[in-house]
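Take this structure, written in structure tokens, and hold onto it; I'll ask about it next.
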């Protein structure tokens with residue numbers, strides 16, 4: 001029993017963590033969410049989960065965004081929270097980080113669908129079933145997400161950088 | 001969708017996928033995961049007092065709104081995942097004790113000095129009253145580093161940025177918990193020895209992430225990747241990426257299973273930093289309980305490392321180590337600001353109130369920390385003590401073993417003390433010494449004061465033959481449960497002195513003091529008493545697990561009763577003593593045929609038949 005959980009953990013943990021960091025940008029929150037997802041999977045029971053990797057992604061994603069909402073509330077209490085600045089010339093060293101940064105400017109659902117589609121390689125049908133949205137909505141969400149990335153005028157340039 | 005757009009989407013998606021995959025992540029090993037914890041202790045609940053449970057309910061309700069708002073009407077995996085229960089996670093429970101406030105010193109900036117082969121140390125200095133936003137504060141702290149004169153830096157540390165390449169000029173850009181910092185650099189960094197590049201980077205990363213809410217920092221120089229010596233900085237770094245340890249401290253809980261019975265015990269605490277060994281903070285909870293037996297169990301306790309939410313408690317720093325001890329009172333409940341790196345503050349909170357201990361209301365010690373450096377626990381007895389060791393020299397620390405002595409590069413005599421803390425199977429820690437050619441010249445094992453988790457301290461005296469001088473390597477390790485091979489091997493380079501030890505000392509025909517005359521009046525008397533000599537080889541396992549009386553009889557060895565009621569320092573004649581041993585009775589086994597230390601036995605009482 002413990003062996004199969006270990007195998008699942010060792011197979012999925014790093015991938016899940018990367019996906020969550022990409023979506024949220026906060027490595028600590030990502031780790032919390034990933035750990036929580038595994039605990040929830042254990043509570044749920046492996047036999048009731050058809051695709052554990054995808055299940056963990058969806059569960060952890062919801063956990064992550066829940067955590068972000070809480071953080072947002074807390075941060076509003078910070079009196080001196082600085083505004084985010086941007087500086088194009090500054091980002092020479094971080095093409096990939098900026099691509100991820102652009103990703104994080106998308107609405108949460110779009111982020112999750114993009115990661116599920118391109119990083120986890122899930123089909124439209126699988127995404128629709130796991131995230132409980134209509135299949136047509138998956139395509140529309142993806143289209144909107146990618147269009148927005150282009151509209152940010154960094155997607156094309158940075159994607160070429162990221163392919164290097 | 002046209003083919004062209006679909007193709008472009010595919011390229012963009014691939015780029016995104018590669019960007020996601022390229023992110024460095026710190027993978028918590030399975031053993032340190034919450035899942036593993038749950039598998040090991042499936043029924044053990046995190047029992048918390050009513051106050052904690054109530055707070056958890058409030059927190060749950062607070063989060064519930066956001067949770068429901070986020071979920072909308074989505075079923076699917078969320079619908080099938082279990083509903084949040086009221087059994088709180090440790091993190092929730094630890095938010096609940098009413099804190100004793102310590103005035104946060106947001107205007108007194110902490111900047112960090114470098115220490116060779118150790119994490120940097122923070123020092124409060126200067127004034128940030130002119131800064132209003134995080135970017136300015138980060139910039140001001142980094143600029144202070146440049147101007148921090150070496151004579152003002154704490155003893156044992158240095159400021160590698162003094163009069164170095166960076167002369168000021170900082171652009172700071174913040175995104176979430178990430179600070180992107182561009183330094184204006186006019187010439188390459190001056191690095192006089194190999195460890196300087198890490199030292200500079202540690203100072204920069206620790207000082208920049210001192211700002212609350214900032215956990216990672218991406219440094220560039222003049223808009224280009226930052227290069228320090230041979231080190232290229234090409235990614236965002238957290239403190240844990242540069243602190244020098246091979247792995248971060250366990251994010252989770254270590255439990256010292258005891259009894260929840262209220263015993264009306266009183267606890268006192270002590271903290272030392274850099275006293276046991278450089279870079280180590282040791283927090284000790286001592287109970288007024290001497291010895292343990294079936295009718296007098298030691299209390300239940302646990303220690304957990306959690307991230308600190310700086311928006312709520314900025315004074316705690318980035319991490320908190322939470323020590324809970326049940327059924328005790330500490331009448332000195334206070335919040336103490338220490339700022340002695342890595343400890344920021346210690347806060348003591350009793351959920352039992354000031355009157356008397358209750359079984360399920362722990363006293364909670366919260367230790368604010370600079371970083372998540374490795375930590376470990378140990379139990380000692382008579383009196384019962386709970387040790388929490390934080391950090392230590394990175395070169396001599398493995399996941400479940402830490403060696404505090406001897407130090408790497410130390411010159412030792414042929415007989416030298418090995419000490420440390422281990423969480424080991426059957427409390428067994430093995431050691432061996434290799435000479436300059438790599439040949440094993442002596443080996444044996446020792447026993448820690450407590451088995452497995454939560455661990456114990458160990459101390460033994462190792463010896464090598466007279467022929468071994470000069471370069472040598474001490475290896476301390478645990479035996480693999482799979483094949484018995486060494487795991488968690490810590491290699492410590494040493495220099496063996498050609499003189500001293502048994503070889504140089506005249507071997508007495510009789511012990512200088514008869515061990516039977518104890519108790520010893522002074523430590524010096526005990527040191528000079530040779531207590532137990534064994535002639536002929538001793539099987540390693542026998543020495544550890546077989547009655548000494550039988551061994552002594554088989555080998556025709558004289559044995560002596562040593563005083564069981566005192567901590568006794570027992571060594572072979574001529575060997576130095578450097579630290580007290582926690583065992584009540586302590587027996588050394590010296591093979592008189594070659595003078596090599598065959599190990600140490602540690603017990604809670606006199607060994608049977610020991611006369």
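Could you please give the count of residues in segment B:445-480 that are farther than 21 Å from residue B:497 by Cα, in contact with a helix residue (DSSP H, G or I) (Cβ under 8 Å, 6 or more places away or on another chain) and assigned to a loop (DSSP other than H, G, I, E, B)?
Total meeting the criteria: 5.
Shifting gears a bit: Could you check segment B:127-137 and list, in sequence order, the residues that are in contact (Cβ under 8 Å) with a residue 12 or more places away in the chain and either away from chain A (no Cβ under 11 Å) or touching a helix residue (DSSP H, G or I) at 6+ places or on another chain (Cβ under 6 Å) (or both)?
Correct list: B:127, B:128, B:129.
Of the conditions (1) loosely packed, with under 15 Cβ neighbours inside 10 Å; (2) modelled with pLDDT of 80 or more, residue B:132 fails just one. Which one is it?
Unmet for residue B:132, out of (1) loosely packed, with under 15 Cβ neighbours inside 10 Å; (2) modelled with pLDDT of 80 or more: (2).
Of everything in segment A:22-56, what is touching a residue at least 60 places away in the same chain (Cβ under 8 Å) and either assigned to a helix (DSSP H, G or I) or at the interface with another protein chain (Cβ under 7 Å from one of its Cβ atoms) (or both)? Give them in sequence order. Don't jump to the end; show me each part of the working.
Start the filter on segment A:22-56 by keeping residues that are touching a residue at least 60 places away in the same chain (Cβ under 8 Å), which leaves A:22-25, A:51, A:53-55.
Once the filter is applied, which keeps residues that are touching a residue at least 60 places away in the same chain (Cβ under 8 Å) and either assigned to a helix (DSSP H, G or I) or at the interface with another protein chain (Cβ under 7 Å from one of its Cβ atoms) (or both), segment A:22-56 yields A:22, A:23, A:24, A:25, A:53, A:54, A:55.
Taking residue B:110 as the residue in question, decide whether it is modelled with pLDDT of 85 or more, within 21 Å of residue B:318 (Cβ to Cβ) and buried (at least 17 other Cβ atoms within 10 Å of the Cβ).
Values: modelled with pLDDT of 85 or more: yes; within 21 Å of residue B:318 (Cβ to Cβ): yes; buried (at least 17 other Cβ atoms within 10 Å of the Cβ): yes.
In short, yes.
Quick one: how many residues across segment A:1-20 are within 7 Å of chain B (Cβ to nearest Cβ) and at pLDDT 85 or above? Reasoning before the result, please.
Just the residues of segment A:1-20 that are within 7 Å of chain B (Cβ to nearest Cβ), to begin with: A:2, A:5-6, A:9-10, A:13-14, A:17-19.
Next, only the ones that are at pLDDT 85 or above stay: A:5-6, A:9-10, A:13-14, A:17-19.
The qualifying residues number 9.
Same structure again: Taking only segment B:456-483 into account, find how many residues are at pLDDT 90 or above and either under 17 Å from residue B:445 (Cα atoms) or out of contact with any strand residue (DSSP E or B) (no Cβ under 9 Å at 6 or more places or on another chain) (or both).
Total meeting the criteria: 6.
Can you name the condition, by its number, that residue A:118 falls short on among (1) at the interface with another protein chain (Cβ under 7 Å from one of its Cβ atoms); (2) under 17 Å from residue A:65 (Cβ atoms); (3) at pLDDT 85 or above?
(2)
Moving to a separate point now. Condition first: under 19 Å from residue B:305 (Cβ atoms) and surrounded by fewer than 22 Cβ atoms within 10 Å (Cβ to Cβ). Now tell me which residues in segment A:1-30 satisfy that.
Taking segment A:1-30 first, the residues under 19 Å from residue B:305 (Cβ atoms) are A:13, A:17, A:26-30.
Within segment A:1-30, A:28 is the sole residue that qualifies.
Does residue B:214 count as assigned to a loop (DSSP other than H, G, I, E, B), crowded, with 20+ Cβ neighbours inside 10 Å and at pLDDT below 90?
Working: assigned to a loop (DSSP other than H, G, I, E, B): yes; crowded, with 20+ Cβ neighbours inside 10 Å: yes; at pLDDT below 90: no.
The answer is no for residue B:214.
Continuing with the same structure: Among (1) buried (at least 17 other Cβ atoms within 10 Å of the Cβ); (2) within 14 Å of another protein chain (Cβ to nearest Cβ); (3) modelled with pLDDT under 80, which single condition is residue B:140 missing?
(3)
Buried (at least 22 other Cβ atoms within 10 Å of the Cβ), in a loop (DSSP other than H, G, I, E, B) and in contact (Cβ under 8 Å) with a residue 60 or more places away in the chain - does that describe any residue in segment B:431-444?
Within segment B:431-444, none of the residues are buried (at least 22 other Cβ atoms within 10 Å of the Cβ), in a loop (DSSP other than H, G, I, E, B) and in contact (Cβ under 8 Å) with a residue 60 or more places away in the chain.
Something else: Report, ordered by the first and then the second residue, all pairs with beta carbons closer than 6 Å, sequence separation of six or more or different chains, a first member in segment B:167-180 that is over 16 Å from residue B:140 (Cβ atoms), and a second member that is crowded, with 20+ Cβ neighbours inside 10 Å and at pLDDT below 85.
B:176/A:25; B:176/A:26; B:177/A:26
The values are calculated or read from the model by the stated rules, or taken from the named source; none is laboratory data. Because the structure is predicted, anything quoted here is derived from the model rather than measured. Glycine gets a Cβ as well: all are built from the backbone with ideal geometry, and neighbour counts include every protein chain shown.
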